[in-house]
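What follows is calculated from the coordinates using simple rules that are stated; it is not laboratory data. These figures come from a predicted structure and were not determined experimentally. Neighbour counts are summed over all protein chains in view; Cβ atoms, including those assigned to glycine, are modelled from backbone coordinates with ideal geometry.
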Amino acid sequence: MLALRRGHLTDPPRAPSTGETVEEVFGLHGVVIEQILSGELASPVDFDQDHDEWVVLLDGGAELDLDGERCQLVPGDWIVLPRHTPHRLVRTDPASRWLAVHFAGEAPEETLPPVRRAPTR
């Protein structure tokens, strides 16, 4: 049986002034939850990950480049990034805070929820 655990996410003001810090919050059965605290970026950061990822912006703001499409993110916006989807983090506001969920296994297509589009800003 899994032991009861508790924790507290780091507050946004503790984000670095530049760059990012990543902290694993919890992991179980091939699923890892991370908290990411972002400051301003010195330059865009490119990603191409070996896992599927669901990420939500909790505080701050950010801009991603997804296959040539710019996506502005505000608190509450989330995105699913299938493994090996090249993407670029172009900009983050100071004290931005994210939760990222990484999935090591592959889900059958029919178990994935339908795509909900965020309102256009």
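Sequence-distant contacts, meaning Cα pairs under 8 Å at least 6 residues apart, place the relative contact order of the chain at 30 percent. The trypsin sites (Lys or Arg not before Pro) of region 1-83 meeting both criteria, a DSSP state outside H, G, I, E and B (loop) and at most 10 other C-beta atoms within 10 angstrom of the site's C-beta, are Arg5, Arg6. Calculated from the alpha-carbon coordinates, the chain shows an Rg and a Dmax of 14.9, 46 Å respectively. In whole Å, how far is the Cα centre of region 1-16 from that of region 31-78? Cα centroid to Cα centroid, the span is 19 Å. Of Asp50, Asp77, Asp11, the sequence from fewest to most neighbouring Cβ atoms within 10 angstrom is Asp50, Asp11, Asp77.
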